[in-house]
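The values are calculated or read from the model by the stated rules, or taken from the named source; none is laboratory data. Keep in mind that what you see is a predicted model, and the values were worked out from it rather than measured. Virtual Cβ from ideal backbone geometry, glycine too; neighbours counted across all protein chains shown. Keep in mind that these areas ignore ligands, DNA and RNA; they rest on the heavy atoms of the full protein, side chains included. Shrake-Rupley method; radii C 1.70, N 1.55, O 1.52, S 1.80 Å.
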Amino acid sequence: MKAVHFGAGNIGRGFIGALLSKSGYDVTFVDVNAEVIQALQEKGQYTILMAEENGVAEVISGVHALNSVSELAAVIAAVAQADVITTAVGPNILRFVAEPIAKGLEKKGDKQSLVIACENAIGATDTLRAYIEEHVHATQLARVLETTSFPNSAVDRIVPNQRHEELLTVAVEPFFEWVIDASMIHTQMPKLDDVLFVPDLTPFIERKLFTVNTGHATVAYLGYQKGYETIYEAMQDQEIVATVRAALQETGYVLTTVYGFDKEQQNAYIDKVLKRFSNFYVSDELIRVGRSPLRKLSRYERFIKPASMLLALGQQPEALLEGIKAAFQFDVASDTESVELQEKCKASPLIDVIAEVTGLSKEDRLVGMILAKLED
């Protein structure tokens, strides 16, 4: 079995690529980072460290690598031979990896394959598929779609910023979750160990978004307000922990009511998430976690969507509003979205800014609640 993975960064090596390798795939990494690709080509292996006290080291061996710029023809050929093609490049980069994937899919003949975008975004594979279809020749499109499945997935593993003496070594938290929408697979089911295949991905995407992402961002924004530098430092502040837990209980109400998750299991999931945030060995910088507040405050993201759903269920967000307030006040000169948000707040009436950023009407009840919280 062969797999091609686009993105040889920490997440690509420490999560997706490693899982593919341990599932029995011959893995080829594709990336524009010449230094990383050369190191992978020379060594053919790398080390994963479990980010915990006395964490074990694991060697992922027998891997290959290709430079997506200088070895494009070889990349296309590798895609044509692959059973599974995955990405971990960031949602904004999907448009750039789509063309070589498309050209490879055109050349594969009737071979069945699976394409999965493992990105921190809802419907990432749908997005990638749309880009791919733009590059597939019209005469080849029907065959490519018939022989290729494009399931969406949800991925979860904290891989902090890090530096090691050995370039390829990567530290990852022990916990991980990769959920794939089985209803979107019409080709042969892939062999992927430790992956959860589900008939409907939406509940799992929302559970991760409303718990892990909401919680992580809330810690970051509240911690930044108090002058902390890392997630671990902020999680030592019990006032912050209490607010984050309360926010996740509010989103948990949405998840258990709308999607039917068991209440006890959801509470246990919240406990696990908070414990993950408190892991000293995977602590990340608050500025990095909090970056891009405009995206994080948008209509269908980690704050506004669950808060709106909570209101629709007859409940009032309180702790969520604390996180939203802190996000609107996130002022970091090195983050372009933060700078843009603060400029908007200075140049326009606050209610107009809230409506624009959240995608809600000025008459929406949540907009009024956010305005009152910011003016408090």
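Numbers for the structure displayed
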{"item": "Selected residue (only one of Leu141, Leu128, Leu145 is at pLDDT 95 or above, open to solvent by 20 Å² or more (accessible area, probe 1.4 Å), closer than 23 Å to Pro199 by Cα and of a type in the set (A, V, I, L, M))", "result": "Leu145"}
{"item": "Qualifying residues in the stretch 87-118 (those that are open to solvent by 10 Å² or more (accessible area, probe 1.4 Å) and in a loop (DSSP other than H, G, I, E, B)) - the one nearest to His186 (Cα to Cα)", "result": "Gln112"}
{"item": "Selected residue (criterion: nearest to the chain's Cα centre (by Cα)) from residues of the stretch 302-325 that are surrounded by fewer than 24 Cβ atoms within 10 Å (Cβ to Cβ), among the small types (Gly, Ala, Ser) and over 20 Å from Phe204 (Cα atoms)", "result": "Ala319"}
{"item": "Those residues of the stretch 180-205 which are in contact (Cβ under 8 Å) with a residue 60 or more places away in the chain and assigned to a helix (DSSP H, G or I), in sequence order", "result": "Ile205"}
{"item": "Test for Thr218: is it within 18 Å of Glu119 (Cα to Cα), touching a helix residue (DSSP H, G or I) at 6+ places or on another chain (Cβ under 9 Å) and in a helix (DSSP H, G or I)", "result": "no"}
{"item": "Some residue of the stretch 50-72 being within 23 Å of Ile185 (Cα to Cα) and at pLDDT 95 or above", "result": "no"}
{"item": "The stretch 132-159, subset touching a strand residue (DSSP E or B) at 6+ places or on another chain (Cβ under 8 Å) and not in a strand (DSSP E or B), residue nearest to Phe277 (Cα to Cα)", "result": "Ile158"}
{"item": "The stretch 1-23, subset modelled with pLDDT of 95 or more and aliphatic (A, V, I, L, M), residue surrounded by the most Cβ atoms within 10 Å (Cβ to Cβ)", "result": "Val4"}
{"item": "Failed criterion for Asn92 (all others in (1) free of Cβ contacts under 8 Å to residues at least 12 places away in the same chain; (2) farther than 22 Å from Pro160 by Cβ hold)", "result": "(2)"}
{"item": "Test for Glu177: is it exposed (fewer than 15 other Cβ atoms within 10 Å of the Cβ) and either in contact (Cβ under 8 Å) with a residue 40 or more places away in the chain or of a type in the set (Asp, Glu) (or both)", "result": "no"}
{"item": "Counted residues, the stretch 286-325 - those being of a type in the set (Gly, Ala, Ser) and either within 17 Å of Gln342 (Cα to Cα) or at pLDDT below 95 (or both)", "result": "4"}
{"item": "Scan of the stretch 226-272 for residues that are small (Gly, Ala, Ser) and either in contact with a strand residue (DSSP E or B) (Cβ under 8 Å, 6 or more places away or on another chain) or assigned to a helix (DSSP H, G or I) (or both), ordered by number", "result": "Ala234, Ala242, Ala246, Ala247, Gly252, Ala268"}
{"item": "Residue match in the stretch 282-301 (condition: open to solvent by less than 40 Å² (accessible area, probe 1.4 Å), in contact with a strand residue (DSSP E or B) (Cβ under 6 Å, 6 or more places away or on another chain) and not acidic (Asp, Glu))", "result": "yes"}
{"item": "Lone unmet requirement of (1) aliphatic (A, V, I, L, M); (2) at pLDDT below 95; (3) farther than 24 Å from Met1 by Cβ; (4) outside any loop (DSSP other than H, G, I, E, B) for Ala121", "result": "(4)"}
{"item": "Selected residue (criterion: most open to solvent (accessible area, probe 1.4 Å)) from residues of the stretch 189-224 that are out of contact with any Pro (no Cβ under 9 Å at 6 or more places or on another chain) and of a type in the set (S, T, N, Q)", "result": "Thr202"}
{"item": "Hits in the stretch 328-346 (condition: in a helix (DSSP H, G or I) and either open to solvent by 80 Å² or more (accessible area, probe 1.4 Å) or of a type outside the set (A, V, I, L, M) (or both))", "result": "Phe328, Thr336, Glu337, Ser338, Glu340, Gln342, Glu343, Lys344, Cys345, Lys346"}
{"item": "Residue match in the stretch 26-37 (condition: outside any strand (DSSP E or B), among the hydroxyl-bearing types (Ser, Thr, Tyr) and surrounded by 15 or more Cβ atoms within 10 Å (Cβ to Cβ))", "result": "no"}
{"item": "Residue count, the stretch 256-274 (criterion: in contact (Cβ under 8 Å) with a residue 40 or more places away in the chain, under 21 Å from His216 (Cβ atoms) and exposed (fewer than 15 other Cβ atoms within 10 Å of the Cβ))", "result": "1"}
